[in-house]
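Notes to accompany the following structure.
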Amino acid sequence: KNDQAHKYLIDVLQGSDDITAQIIICRAIATAHDEYAGLDESNLVPTAFIDPLFKAIFSNSKELSLWASRALVKCRNGVDDKLSAVVTDARQTPDHRLAAMRALQLIPGKQSVLTLARLLDDENPNISRQAAVAISKTLYLPTSLDIEDFKRRCLPVLLMADEETILRWQWERKTQQLQYAKQQLKQASENTDNWRQRFLAAETEKFKALKT
């Protein structure tokens, strides 16, 4: 790790007026491939980036706010509480709350799920609507969320479950969805090959007919 480089990037996030440079930094952090980025609480980037990234969430630039929220997911430890405070604070702008929500839905664990569940009754209809979408994503549900059914059947179970149980559920659901997506891609590829072969065969027959 290059501490001097980190300091430079943090300085740009905190003190620069160059929105483009800040977006580039946030996007680089958010999209960086990390092989050990599993469902755990390990920091994926230094904690020194947390406060500068939170500052960026409150930018007037929607693009910077979006990428900063996604970058925060790579920080993990210490982020859950901060994001929860933003998304549940009605004094924040809807755009800033939604940016924080997009990050929170990507962080596995009980706190994220329960915070999003609280937002189902938010006075802002867009916030409550997006909270339902976020819950579906963080729990890897295959269909859109039936809010009343979730409150009646799922929420009591989540409230009683411990952190490990919820993490295991999320990991298993994520694995199942990835396997299903791979199967769908494989099937689509096979279908494409079949259609290509049929097309080539038909064109070959046409060519032969023209020669006779």
Let me confirm something: among LYS74, LYS55, which residue is closer than 23 Å to THR20 by Cα, touching a residue at least 40 places away in the same chain (Cβ under 8 Å) and in a loop (DSSP other than H, G, I, E, B)? LYS74
Residue under evaluation THR143, criteria (1) part of a helix (DSSP H, G or I); (2) of a type in the set (Val, Ile, Thr); (3) open to solvent by 70 Å² or more (accessible area, probe 1.4 Å), criterion not met: (1)
May I ask you to list the residues in the stretch 89-121 that are open to solvent by less than 40 Å² (accessible area, probe 1.4 Å), over 27 Å from ARG173 (Cα atoms) and either of a type in the set (Gly, Ala, Ser) or not in a helix (DSSP H, G or I) (or both)? ASP89
GLY109 fails exactly one of (1) within 30 Å of GLN4 (Cα to Cα); (2) at pLDDT 85 or above; (3) under 14 Å from the mean Cα position of the chain (by Cα), namely (1)
Pick from THR192, THR165: which is at pLDDT below 85 and of a type in the set (Val, Ile, Thr)? THR192
Subset of the stretch 53-87, residues open to solvent by 60 Å² or more (accessible area, probe 1.4 Å) and either touching a Gly at 6+ places or on another chain (Cβ under 9 Å) or aromatic (Phe, Trp, Tyr) (or both), comes to PHE58
Count of the stretch 13-29 residues which are modelled with pLDDT under 90 and open to solvent by less than 30 Å² (accessible area, probe 1.4 Å): 2
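The values are calculated or read from the model by the stated rules, or taken from the named source; none is laboratory data. Values in this document were obtained by computation on a predicted structure and should not be read as measured data. As a convention, Cβ positions derive from the backbone with ideal geometry for all residues, glycine included, and neighbour counts pool all protein chains shown. The area values use the complete protein model at the heavy-atom level, side chains included, leaving out ligands, DNA and RNA. Shrake-Rupley method; radii C 1.70, N 1.55, O 1.52, S 1.80 Å.
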